[in-house]
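Notes for the one structure printed next.
The values are calculated or read from the model by the stated rules, or taken from the named source; none is laboratory data. What you see is a predicted model; the values in this text were computed from it and never measured. Quick reminder, even Gly has a Cβ in these numbers, built from the backbone with ideal geometry, and neighbours come from all protein chains shown. Note: accessible area is taken over every heavy atom of the protein model, side chains too, but ligands, DNA and RNA are not part of it. Shrake-Rupley method; radii C 1.70, N 1.55, O 1.52, S 1.80 Å.
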Amino acid sequence: MITAAADGIKEVSAPLSDADIEKLDAGDRVRITGVVYTARDAAHGRLMQLIEAGQPLPIDVRGQIIYYTGPSPARPGEIVGSIGPTTGGRMDTYTPALLALGLKATIGKGARSQPVRDAMRTHKAVYFGAIGGAGAVLSRFVKTLEIVAYEDLGTEAIRRLEVEGFPAIVVDDCRGRDLYEEGIKAYAR
Amino acid sequence: MRDVHVSAVTDAVKKLCMEANYELEPDMLRAFDRALTTERSAAGRQVLQILKDNAQMAKTRRMPYCQDTGVVVCFVELGQDVHVAGGGLADAIDEGVRQGYREGYLRASIVRSPFDRVNTGDNTPAVVHLDLGPGADLKIMVMAKGGGCENRSKYKMLTPAEGIEGVRSWILECIKTAGPDACPPLIAGVGVGGTFEKAAILSKRALFRELGAPNPDPALDALEREVLERANRLGIGPQGYGGDTTAFGVHILTYPCHITSLPVAVTIECHAHRHKEVTL
């Protein structure tokens, strides 16, 4: 679901539909609330093996959001340690297959490949940027955390988070626009 | 001969790892403040403000500034009149990393083999560079080096004919191709000269210089300023959202080299520039 808040920031909650995704444009500021799954390199490698073998995944990605992150350990009494985004481009080889299964959004930092951007157009999906290196600040938006798969991977396990007002920006929308390209055009001197 | 017990090395490394991850150095905080006054992009200024808040929160809550608490790169300057007693120096450093990362709630990000990729669980081993020199001091410099920016570090063997212009273009090329992936605003550590490996080590060592402090060599200082100014005209900006603050600094170290060679290594460092040092 996507709604526009009074301050101009769009409120985003999974599950997301094609119609929701079409409401997002590159450069839009968003606040994400609700369920987000974490997965990075090692977890993606395992998901890909399952997809190639035609087996079910440990999480149902349809309509969902995957956050590329490997959090630092929580201190006692805390929900999580630092939890900022990792580079999205490393997941490029895996992303089109997940988008084909119905994944609607990913959160990371850094540019995506042209095949991923094409897949986002084909399957109606977006890529959000979160602020890389702001892991301490971003931890405050995480309300619950539960490991749902691949616990042996440590920080790279798949975690189910519930977030509230998690701040991000639309980097790639489903029409092929890219915030990074537009930013350089606007500010290069 | 002065004895330094390995337990002192371990304790020092443990503390440096923790403090580096919780507290940015004052030069970085000044760089955020300065950029907030010059950045034209509203999105860029917002990023810079959040990073400043992030530094404050990390310090007060003693949590890592970034969840990628890095590979520990450790430069050791060992005075030849120092005798490290009670065990091995490398083991003592790794024990410090182990204790610092476990007790400090820092992320274990090291895999035991680049191929089987099984996490060692305690962020060991460190990457250690040892320099032997005169004196009876043992200086330990620790950097928690993030992986995302490290992945954008590059090396090129230029020809002597390409000269300073070639070096300037190559550093700019590295900053440009690092782009948003490496968490700008960036710092470029540059090693010029030596050999293949010497240039790379210098590019890391160069990052320990205080940000904003001039290069003691006036010609290199002018080169650094020019590259920085041009980097900040690329338009990449904080986090790549577009803007004027793509890099905070360019730090160059040089070394003599072979008549055939002009090696240039560029270590890309993100704004999570975490380093601490101590002399025992």
Counted residues in region B:25-56 being buried (at least 24 other Cβ atoms within 10 Å of the Cβ) and within 7 Å of chain A (Cβ to nearest Cβ) come to 3
The lone condition B:GLY100 fails out of (1) over 29 Å from A:GLY27 (Cβ atoms); (2) surrounded by fewer than 23 Cβ atoms within 10 Å (Cβ to Cβ) is (2)
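Taking the condition within 14 Å of another protein chain (Cβ to nearest Cβ), open to solvent by 60 Å² or more (accessible area, probe 1.4 Å) and within 20 Å of B:CYS149 (Cα to Cα), does B:LYS59 pass? Reasoning before the result, please.
Values: within 14 Å of another protein chain (Cβ to nearest Cβ): yes; open to solvent by 60 Å² or more (accessible area, probe 1.4 Å): yes; within 20 Å of B:CYS149 (Cα to Cα): no.
Judged against the criteria, B:LYS59 is not a match.
Taking only region A:105-144 into account, find how many residues are closer than 28 Å to B:GLN49 by Cβ and either more than 13 Å from chain B (Cβ to nearest Cβ) or out of contact with any Lys or Arg (no Cβ under 8 Å at 6 or more places or on another chain) (or both). Don't jump to the end; show me each part of the working.
Let us first name the residues in region A:105-144 that are closer than 28 Å to B:GLN49 by Cβ, namely A:105-112, A:126-144.
Those left that are additionally either more than 13 Å from chain B (Cβ to nearest Cβ) or out of contact with any Lys or Arg (no Cβ under 8 Å at 6 or more places or on another chain) (or both): A:105-112, A:126, A:128, A:133-135, A:137-144.
Count: 21.
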Of the residues in region B:163-193, those that are in contact with a Ser or Thr (Cβ under 8 Å, 6 or more places away or on another chain) and either surrounded by fewer than 17 Cβ atoms within 10 Å (Cβ to Cβ) or in a strand (DSSP E or B) (or both) come to B:GLY166, B:LEU186, B:ALA188, B:GLY189, B:VAL190, B:GLY191, B:VAL192, B:GLY193
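Listed residues B:ALA126, B:ALA85, B:ALA136, B:ALA108; which is within 14 Å of chain A (Cβ to nearest Cβ) and in contact (Cβ under 8 Å) with a residue 12 or more places away in the chain? Break it down stepwise before answering.
On the way: B:ALA126 fails: within 14 Å of chain A (Cβ to nearest Cβ); B:ALA85 fails: within 14 Å of chain A (Cβ to nearest Cβ); B:ALA136 fails: within 14 Å of chain A (Cβ to nearest Cβ).
Answer to the selection: B:ALA108.
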Here the residues within region A:56-104 that are at the interface with chain B (Cβ under 9 Å from one of its Cβ atoms), of a type in the set (Ser, Thr, Tyr) and in contact with a helix residue (DSSP H, G or I) (Cβ under 6 Å, 6 or more places away or on another chain) are A:SER82, A:THR87
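Do we find that B:ASP244 is open to solvent by 10 Å² or more (accessible area, probe 1.4 Å) and within 14 Å of another protein chain (Cβ to nearest Cβ) in this structure? Full working, then the answer.
Values: open to solvent by 10 Å² or more (accessible area, probe 1.4 Å): yes; within 14 Å of another protein chain (Cβ to nearest Cβ): yes.
Considered against the rule, which asks whether it is open to solvent by 10 Å² or more (accessible area, probe 1.4 Å) and within 14 Å of another protein chain (Cβ to nearest Cβ), B:ASP244 comes out as yes.
Looking only at region B:62-73, count how many residues are more than 9 Å from every other protein chain (Cβ to nearest Cβ) and either of a type in the set (D, E, K, R) or surrounded by fewer than 24 Cβ atoms within 10 Å (Cβ to Cβ) (or both). Walk me through how you get there before you give the answer.
Kept after step one, since they are more than 9 Å from every other protein chain (Cβ to nearest Cβ), are these residues of region B:62-73: B:70-73.
From what is left, the residues that are either of a type in the set (D, E, K, R) or surrounded by fewer than 24 Cβ atoms within 10 Å (Cβ to Cβ) (or both) are B:71, B:73.
Summing the residues that are more than 9 Å from every other protein chain (Cβ to nearest Cβ) and either of a type in the set (D, E, K, R) or surrounded by fewer than 24 Cβ atoms within 10 Å (Cβ to Cβ) (or both) in region B:62-73 gives 2.
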Of the residues in region A:29-59, those that are buried (at least 21 other Cβ atoms within 10 Å of the Cβ), in a loop (DSSP other than H, G, I, E, B) and touching a strand residue (DSSP E or B) at 6+ places or on another chain (Cβ under 7 Å) come to A:ALA39
Exercise. Any chance region A:2-24 includes a residue that's in contact with a Lys or Arg (Cβ under 8 Å, 6 or more places away or on another chain), part of a strand (DSSP E or B) and touching a residue at least 60 places away in the same chain (Cβ under 8 Å)?
Worked result: yes
Note on region A:146-176: residues open to solvent by 40 Å² or more (accessible area, probe 1.4 Å) and away from every other protein chain (no Cβ under 13 Å) are A:GLU146, A:ILE147, A:VAL148, A:ARG160, A:GLU162, A:GLU164, A:ARG175
Those residues of region B:160-207 which are within 15 Å of B:VAL227 (Cβ to Cβ) and within 14 Å of chain A (Cβ to nearest Cβ) amount to B:LEU172, B:ILE175, B:LYS176, B:THR177, B:ALA178, B:PRO184, B:PRO185, B:LEU186, B:ILE187
Among (1) in contact (Cβ under 8 Å) with a residue 60 or more places away in the chain; (2) over 26 Å from B:THR159 (Cα atoms), B:GLY249 falls short only on (2)
